[in-house]
Amino acid sequence: MKNFLTKMADFMHGRYGNDKLNNFILLLAAVLYFINFFVRNTILMIIVIVLVILVIARAMSTNITKRLYENRRFVAIYTAIGAFLRRQYLRVRDFRTHRYVVCPYCRAQLRLKKRTGTQHIRCPKCRREFTKNIRF
């Protein structure tokens with residue numbers, strides 16, 4: 001077994017390997033494959049095969065800088081979408097007790113206690129003051 005692992009490590013030397021983008025593409029392929037159990041579509045199966053080939057090609061690539069750049073862009077987009085979904089979840093969760101307001105100067109999202117009427121707010125990020133009318 002150790003001989004096999006040594007040969008595999010020697011084979012992967014100088015190759016890119018796995019990253020978050022590969023994991024995401026593989027998860028997407030697995031979901032599409034599962035959906036294909038019920039739909040039975042040839043085009044969907046071809047898409048799954050192409051995605052798996054893409055994962056293998058990215059993992060075996062020797063152009064490491066390009067793969068790092070692709071992964072960095074993906075992680076930035078993935079993080080931004082995750083942060084947006086998290087903020088939306090918090091808005092729904094805190095609907096009865098808090099209101100969320102965007103600072104007009106630095107675009108930071110502020111969480112305020114639920115009070116109706118005009119409120120004078122100081123942004124903790126940029127330290128500027130602004131007035132916001134909260135109706136409900």
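Between segment 1-75 and segment 88-121, the alpha-carbon centres lie 42 Å apart.
Once neighbouring chains are kept in place and the probe is 1.4 Å, which whole percent of the accessible area of segment 65-136 is contributed by carbon and sulfur? Numbers along the way, then the final one.
On the way: 3190 of 5920 Å².
Answer for segment 65-136 is 54 percent, counting heavy atoms of protein chains only.
Which one, 126, 18, 69, is farthest towards the positive end of the dipole of the chain when Lys and Arg carry +1 and Asp and Glu -1 on their Cβ? Value: 126.
How about segment 61-136: which trypsin sites (Lys or Arg not before Pro) there lie in a loop by DSSP and see at most 11 other Cβ atoms within 10 Å? Those satisfying the criteria are 96, 107, 115, 127, 135.
Taking every pair of Cα atoms in the chain, average 1/r, invert it to obtain the Kirkwood radius, and report Rg/Rh to two decimals. Present the calculation step by step, with values, prior to reporting the outcome.
Values: Rg = 23.9 Å, Rh = 19.6 Å.
Across the chain, the Cα-based Rg/Rh ratio is 1.22.
The amide H of residue 98, built 1.01 Å from its N in the peptide plane, has 114 as neighbours under 5 Å, considering only residues 5 or more places off or on other chains. Straight-line reach only, C-alpha to C-alpha below 21 angstrom: list the lysines that residue 114 could link to, leaving out same-chain residues fewer than 8 apart. Excluding near neighbours in sequence, the set is 125, 132.
The values are calculated or read from the model by the stated rules, or taken from the named source; none is laboratory data. Small disclaimer: the values here were computed from a predicted structure and weren't measured. With ideal geometry, Cβ positions are generated from the backbone for all residues, glycine too; neighbour counts draw on all protein chains shown. Side chains included, ligands, DNA and RNA excluded: accessible areas come from the protein's heavy atoms. Shrake-Rupley method; radii C 1.70, N 1.55, O 1.52, S 1.80 Å.
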